[in-house]
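Notes for the one structure printed next.
Computed from the coordinates by the stated procedures, all read-outs in this text should not be read as laboratory data. None of these values were measured; they are calculated from a predicted model.
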Amino acid sequence: YDRGMAALKVKDFAEARKLLERAAMKNHREAIKEIAAIYSEGKGMKANPEKAFKWLLKAAEQGSKSSMNKVASMYERGNGVKKDIEKALYWYRASAKMDAEAPAPAAPAAAGNWQWRLYYRADGVHTL
């Protein structure tokens, strides 16, 4: 992981991708998020939202709140994965639950944002 981050810092994206993916395959949580970002942002290559989603989902399943939100957003928009509002809601709720369990005052502000955004969407989704 550390060598991958060092390669990323000097913009050796091919080496960074190789080393970080190796660490990610061993379930290194931060490496998983970094490799997802490389694929999502297309660092040193064309962006690959499908691979980014694969890694973000793995991070979300390991409890990464930021990854939960990104996975939910990707499901909501159909970016890198087939659009699925129910799965988007699942991941938004999982993230909100983490907010609700966080010490105040972070919980009230963050927990409701996704709910209102989905409730007022133009494509007819109005149920939570």
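Taking every alpha-carbon pair in the range 1-63 and binning the separations at 5 Å intervals from zero gives 4, 24, 31, 25, 13, 2, 0 percent.
Taking each residue as 0.36 nm, the span from residue 47 to residue 6 lengthens on full extension beyond its C-alpha to C-alpha distance by 12.7 nm.
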